[in-house]
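First comes the structure, then the notes that go with it.
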Amino acid sequence: VIIEDETDIVKLLEYNFRREGFEVESFGRGREGLESLQRKPPDAVLLDILLPDHDGFEICRRLRADDRLKTIPVIFLTAKGEEVDRILGLEIGADDYVVKPFSPRELVARVKAVLRRQERGFERREVVEAGDLRVDSRTREVWVRERLIGLSTLEFKLLH
């Protein structure tokens, strides 16, 4: 999702990300973007700080406070390039901070890197629990209601 009010930048971003195989939704106002994120959480958010109706810092704070949305990678893309702004953006939860003008190719590479790091974080989890189900990826054991379930390698891969 792109939340950016400058139409030329939005077109440039949409073109470059679609060319790399990404699905892209764009919003020119913070409120619309935030509502979209709450309806359908995306894989990542490119977020401007200086929006006509919302402050990008506040949108990032709201995402980090929401249990459903707090793990979505946020990359600020903004004209606010002062050190204090970059530090604030990263401290409130942004995964990266890119100052305009920017290289579209570099920005795509940064988004891919953030998504790779996020995927690796999920892979590192050894034990995942959901209700009565517990899956241990290290020992390849599956437990349901405290009972060990015997699964074949293929069954475990499908479950995991």
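Out of Val128, Val135, one residue alone is assigned to a strand (DSSP E or B), touching a helix residue (DSSP H, G or I) at 6+ places or on another chain (Cβ under 8 Å) and farther than 27 Å from Phe22 by Cα. It is Val135. Of the residues Gly93, Gly89, Gly81, the single one that is at positive phi and of a type outside the set (Val, Ile, Thr) is Gly93.
Number of residues in the range 50-94 that are of a type in the set (Asp, Glu), buried (at least 16 other Cβ atoms within 10 Å of the Cβ) and without any contact (Cβ under 8 Å) to a residue 24 or more places away in the chain equals 0.
The residue pairs whose first member lies in the range 6-24 and is under 17 Å from Leu37 (Cβ atoms), whose second member is hydroxyl-bearing (Ser, Thr, Tyr), and whose beta carbons are closer than 8 Å, counting only pairs six or more residues apart or on different chains, are Val10/Ser26; Leu13/Ser26.
For the range 32-54, how many residues meet the condition of being over 25 Å from Arg86 (Cβ atoms) and part of a helix (DSSP H, G or I)? Result for the range 32-54: 5.
Every number in this text was worked out from the coordinates using simple rules, so none of it is lab data. All figures in this text were calculated on a predicted structure; none of them were measured in a lab. Cβ coordinates were reconstructed from backbone atoms using ideal geometry, including for glycine residues, and neighbour counts include every protein chain displayed.
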